Amino acid sequence: MERLPKYIQSSQGTLWLTEDDRDNLKISYRIKDVLFEETSPYQHVMILDSFDFGPMLVLDGVVQTTSKDGYIYNEMITHVPLTIHPQPRNVLIIGGGDCGAAKEAVRYDTVERVDLVEIDEAVVRASKRHMPEVSGNLSDPRVNYHYIDGVEFAKTQSGVYDVIIVDSSDPVGPAQQLFEPEFYRSLHRALREDGLMVCQSQSPIFHGGIVKQTYRRIGQTFPYRRLYTAVVPTYPGGLWSFTIGSKRPIPAPERIRFDKPARYASEDILRRCFSLPAFLQDLLDGEDVPLPK
Ligand code: SAM
């Protein structure tokens with residue numbers, strides 16, 4: 001390879017991606033091939049074929065999802081809110097350009113419309129072409145693609161959606177605004193009277209400040225909120241959090257019913273994911289944690 005793409009290093013002829021976005025932790029993935037590379041107006045987009053995780057989506061050098069474990073995150077960010085809502089018809093997904101969440105959402109017969117609001121068209125194009133295990137090469141006519149800023153789109157909606165899924169990248173760059181109180185307020189307006197939202201809310205191990213801040217901010221906008229977890233191997237620390245904000249009481253976990261075939265989600269998993277380890281419950285109940293500088 002004459003020119004190494006950004007974020008890729010070669011060591012004795014072997015290609016490596018090193019996630020270099022943390023001060024004290026660097027994670028490297030051995031790469032077979034670069035399947036896609038493009039610098040969009042929003043970020044550097046790559047699909048890399050890795051030895052251990054297969055094709056993986058990498059944005060600004062950070063692994064977003066992989067063919068080997070992407071289903072865990074996509075099943076958990078989608079099936080929890082869609083089984084809690086009694087009759088999900090209109091679904092909004094903000095971010096989610098790999099199409100994995102949308103692929104799970106269209107498995108519900110009640111769903112009539114999925115608006116996928118992804119700021120970067122290159123992510124959808126790359127994921128459909130090179131990551132069919134994640135995107136499912138989504139072609140369901142119920143999915144409408146909007147290549148605009150989710151912050152701006154949410155401001156234009158009122159009383160439309162039953163479920164909103166904020167499937168964002170980390171709170172940097174274009175995704176930073178997706179963690180702000182004003183955005184959560186616009187989601188509240190965009191939801192119908194019995195609607196609920198869920199967002200990926202980062203790592204309880206490495207991003208305690210963001211987890212706590214997101215939990216607090218959602219609680220300031222929504223009358224009901226719950227946090228749940230799943231283990232995503234390619235995310236820093238493995239354990240990952242998701243936070244729900246709901247206009248209606250969130251049913252007790254034992255009332256969750258789920259019978260769709262899935263590789264990670266099951267009725268038992270969807271009930272137990274709300275059981276939090278003591279360190280995480282203490283984080284949520286305790287004082288605010290200072291955010292990294
Ligand atoms: N599903 C992946 C996962 O497993 O975590 C990551 C989510 S997806 C790749 C994150 C997407 O959010 C990216 O494609 C990014 O372009 C998009 N995004 C970031 N900021 C956005 C914004 N303000 N509006 C809409 N999409 C945004």
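Values as computed for the structure displayed
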| quantity | calculated |
| --- | --- |
| Output for region 232-252, where each listed residue is touching a Phe, Trp or Tyr at 6+ places or on another chain (Cβ under 6 Å) and surrounded by fewer than 12 Cβ atoms within 10 Å (Cβ to Cβ) | Pro249 |
| Odd one out for Gly150, checked against (1) more than 9 Å from the ligand (Cβ to nearest atom); (2) touching a Phe, Trp or Tyr at 6+ places or on another chain (Cβ under 9 Å) | (1) |
| Those residues of region 264-289 which are surrounded by 10 or more Cβ atoms within 10 Å (Cβ to Cβ) and part of a loop (DSSP other than H, G, I, E, B), in sequence order | Tyr264, Ala265, Ser266, Cys273, Phe274, Ser275, Leu276, Pro277, Gly286, Asp288, Val289 |
| Only listed residue being closer than 30 Å to Thr110 by Cβ, among the aliphatic types (A, V, I, L, M) and in contact with a strand residue (DSSP E or B) (Cβ under 7 Å, 6 or more places away or on another chain), chosen from Ile27, Ile77, Ile31, Ile47 | Ile77 |
| Search result, residues across region 52-61 that are modelled with pLDDT of 95 or more and among the acidic types (Asp, Glu) | Asp52 |
| From Arg255, Arg225, residue being among the charged types (D, E, K, R) and surrounded by 21 or more Cβ atoms within 10 Å (Cβ to Cβ) | Arg225 |
| Lone qualifier among Asp167, Asp120 - being under 19 Å from Cys199 (Cα atoms), out of contact with any Ser or Thr (no Cβ under 7 Å at 6 or more places or on another chain) and either within 9 Å of the ligand (Cβ to nearest atom) or in contact (Cβ under 8 Å) with a residue 40 or more places away in the chain (or both) | Asp167 |
| Subset of region 240-255 (residues that are in contact with a Leu (Cβ under 8 Å, 6 or more places away or on another chain) and at pLDDT 95 or above) | Ser241, Phe242, Thr243, Ile244, Gly245, Ser246, Lys247, Arg248, Ile250 |
| Hey, Ala126 under 13 Å from the mean Cα position of the chain (by Cα), buried (at least 24 other Cβ atoms within 10 Å of the Cβ) and not aromatic (Phe, Trp, Tyr) or not | no |
| Breaking point among (1) away from the ligand (no atom under 13 Å from the Cβ); (2) surrounded by fewer than 17 Cβ atoms within 10 Å (Cβ to Cβ); (3) at pLDDT 95 or above; (4) of a type outside the set (Phe, Trp, Tyr), for His188 | (2) |
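For every residue, the table says whether it meets (1) of a type in the set (Val, Ile, Thr); (2) surrounded by 12 or more Cβ atoms within 10 Å (Cβ to Cβ); (3) touching a helix residue (DSSP H, G or I) at 6+ places or on another chain (Cβ under 9 Å); (4) modelled with pLDDT of 95 or more.
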site	(1), (2), (3), (4)
Glu2	no, no, no, no
Ser10	no, no, no, no
Trp16	no, yes, no, yes
Asp21	no, yes, no, no
Asn24	no, no, no, no
Leu35	no, yes, yes, yes
Val45	yes, yes, yes, yes
Ser50	no, yes, no, yes
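The values are calculated or read from the model by the stated rules, or taken from the named source; none is laboratory data. Predicted model only: the values in this text are computed from it and were never measured. Cβ atoms come from the backbone with ideal geometry, glycine included; neighbour counts cover every protein chain shown.
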